[in-house]
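Values quoted throughout were computed directly from the atomic coordinates according to the rules given, and no laboratory measurement underlies them. None of the values given here were measured: they were computed from a predicted structure. Here the Cβ is made from the backbone with ideal geometry for all residues, glycine too, and neighbour counts use every protein chain on show.
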Amino acid sequence: MLHTYIKSLLSSSNIEFSKSKESTLDQFVVDFKDEIDHVLQINKNLVDKFQIRSKIKDITEQWVSLPNATVGKAYQHKIDIISLGWDTMVFTSMEGLDKLGMEYDNETETISGTPNFSGDHKVSFSYRLQGESDVAINQKVLNFIVNPNPRSLWKNIESNQNDIYWKPDDTSENQNLGNRHIVVASKRGRSHANVGSFRDDDFGFKHFPDIGWSIICVADGAGSATMARKGSEIACQSVISYVGDHFKGEKLDEFDQVLAQHHNGSTDATTKYISTFVYENLSKMAYFAHKKIEEQSVKSEKSIKDYHTTLIFTLLKKYTFGYAVLTFGVGDCPIALLNKDLSEIKLMNWLDVGEFGGGTRFVTMPEIFSSDKFVSRFRFKLVDDFSYLMLMTDGIYDPKFVVEANLEKIEKWKEFLADLQGNNEERNVVDFNPENVDVANQLSIWMDFWSSGNHDDRTIAIIY
């Protein structure tokens, strides 16, 4: 190598070298070895320094983007040194993250933390390359975009309490319901809160100890109907009042007797009797709700369309041999019955979606009651026991189940229950222990979950 270097040096100085001078070269290399080694080391150092300078320039000009972060959302990103071609880095650090509530770990080369404010930020990535002195520090400026939390973009304007149809924006309750427990929460959607409009959803429930029956109802007022908030309220309250005033007497005693016979051995006669009983009594309840809303529309000189609302309700009674569950539904709000060991889900109503091209039907529509499909709006189920009976509006169903088909999949309901029990982004837990007096508040908090594009009113009633 030394011989080659001297020959190259002589050639660069226009000094000819002949083969007869090989011995002279050999001796020259021996006599001046130290000087030659020193020059070679200087040259090597110069080459190394140039390569370092060249690498720094390449890094400075290299386009590197950090994934965007979101205010209030945990963030973690590893700077992939090898993939970026920065394998000669021996030290890294980052400045400017601390003001965002974040940090950089030199050992793992990872940015982590929860950003506390949005904006287009500049952070300084400091590094040292192999071969540089211990005091050398190079810097590369990186752009770091922190998006605002979508929730912060939504206003929460209180609705007008002086309005004649005003009702609380958020409400929740938990009580005993016969030998079971019920928790219900209804929350105004973000789309309504953003403009200070009203909660259109409503609910109602009551246990009648003299007859042993409980009634649970949920209604979703149409967002396009100006008086929908009142329509949903009237629908729920009128069904409850009908049960108290008309669902009584010998017809219930006879139903109890036939139901016992049906349990011991169903026949065509008992099946027909039960179907007729369910249809005749629940259809009267639904029509009573329709008429009460119609009376209100006439009184206020408004169209009944201004009061458009869906309506689902369940009648529930405990017998020595099990539970009778009777249901009615119009609209796109599901009623679900989960068996005791959570191995089966029974959807207790069909939803007004799909067949009508996604068009929701309302109990305020007169044609509902004259349609040949009206009879299919009723369900009956006799079960030994159950774990949960749930009624909900699409403000819950849409984000949590997405499509109607998922409502009949037990695995989706198990996921939903796990969500209620804390397997969610916010880690909010609803404890269904009968001794938990805070369950209504917990359910209300859980219903604040974020789901992009789903900002409708949310209402759910859970019997457990």
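Got a sec to turn the phi values of segment 153-166 into Karplus ³J(HN,Hα) couplings, 6.51 cos²θ - 1.76 cosθ + 1.60 with θ = phi - 60°, whole Hz, x for Gly and Pro? These are the phi-based 3J(HN,Hα) values: 7, 8, 7, 10, 8, 4, 6, 6, 6, 8, 5, 5, 10, 5 Hz.
In debye, nearest 20: dipole of the chain around its Cα centre with unit charges on the Cβ of K, R (+) and D, E (-)? Don't skip to the answer; put the middle values down first.
Details: 50 positive and 67 negative charges, 166 e Å.
Here the chain has a charge dipole of around 800 debye.
Given axes a ≥ b ≥ c from the Cα gyration tensor, I'd like to know whether segment 246-392 is rounded (a/c under 1.5), prolate (a/b larger than b/c) or oblate. Intermediate results must be reported in sequence, preceding the final value.
Details: a/c = 2.19, a/b = 1.57, b/c = 1.40.
Note, shape of segment 246-392 comes out prolate.
Separation of segment 127-187 and segment 40-65 by C-alpha centroid, Å? So the two Cα centres are separated by 46 Å.
So which trypsin sites (Lys or Arg not before Pro) in segment 254-307 end up in coil per DSSP with only 13 or fewer other C-beta atoms within 10 Å?
Working: sites: Lys272, Lys284, Lys291, Lys292, Lys299, Lys302, Lys305; in loops: Lys302.
Counting only loop positions with at most 13 other Cβ atoms within 10 Å, none of the trypsin sites (Lys or Arg not before Pro) in segment 254-307 qualifies.
Only Cα pairs under 8 Å and 6+ residues apart enter the sum, and on that basis the relative contact order of the chain stands at 13 percent.
I'd like the distance between the alpha-carbon centres of segment 91-115 and segment 316-336, rounded to an integer number of Å. Spelled out, the Cα-based centre of one part sits 55 Å from the other. Remark on Cys333: its backbone amide H falls under 5 Å from those of Asp352, a criterion applied only to residues 5 or more positions apart or on other chains, H modelled at 1.01 Å from N.
Amide hydrogen proximity for His121: with H placed 1.01 Å from N in the peptide plane, the residues at 5 or more positions away or on another chain lying under 5 Å are Phe144, Ile145, Val146. As a size descriptor, the averaged projected area of the C-alpha convex hull of segment 132-244 was calculated at 14.3 nm².
Each principal axis of the Cα cloud of segment 367-417 was taken in turn, and the coordinate range along them, longest first, works out to 39, 31, 16 Å. Loop-located trypsin sites (Lys or Arg not before Pro) across segment 95-149 with a Cβ neighbour count of 16 or fewer within 10 Å are lacking, with loop assigned by DSSP. Which one is right for this structure if Cα extents along the principal axes in Å is calculated from it: [x] 132, 54, 44; [y] 88, 65, 45; [z] 64, 60, 39? Answer label, from the structure shown: [x]. This model, with +1 at the C-beta of Lys and Arg and -1 at the C-beta of Asp and Glu, gives segment 2-61 a dipole about its Cα centre of some 240 debye. The helix-based estimate of mean residue ellipticity at 222 nm for the chain, built from -39,500 (n - 2.57) per DSSP H run of four or more residues and divided by its residue count, is -10500 deg cm²/dmol to the nearest 500. Residues whose amide H falls under 5 Å from that of Ser126, counting only those 5 or more places apart or on a different chain, are Ser93, Met94, Glu95, Lys140, with hydrogens built in the peptide plane. Projecting the Cα atoms of Ile137, Leu337, Leu417 onto the charge dipole of the chain (Cβ charges, centred on the Cα centre) puts Leu337 farthest toward the positive pole. For segment 259-276, backbone phi angles converted through the Karplus equation (6.51, -1.76, 1.60; θ = phi - 60°) give residue-by-residue couplings of 5, 5, 4, 4, 5, 6, x, 5, 10, 4, 5, 5, 5, 5, 4, 4, 4, 5 Hz, Gly and Pro being listed as x.
Cα centroids of segment 232-268 and segment 208-224: 14 Å apart.
Note on the chain: dipole from Cβ charges, positive end direction compared against Asn160, Ala289, Val403; the farthest Cα belongs to Ala289. Against the chain, whose longest principal axis is taken from its Cα atoms, helix 33-61 shows a tilt of about 30°. Segment 2-61 has equivalent-ellipsoid semi-axes of 33, 13, 7 Å, by the square roots of 5 times the alpha carbon gyration tensor eigenvalues, sorted largest first. For segment 259-355, GluC sites (Glu not before Pro) meeting the loop criterion (DSSP other than H, G, I, E, B) and having at most 10 other Cβ atoms within 10 Å: Glu301, Glu355.
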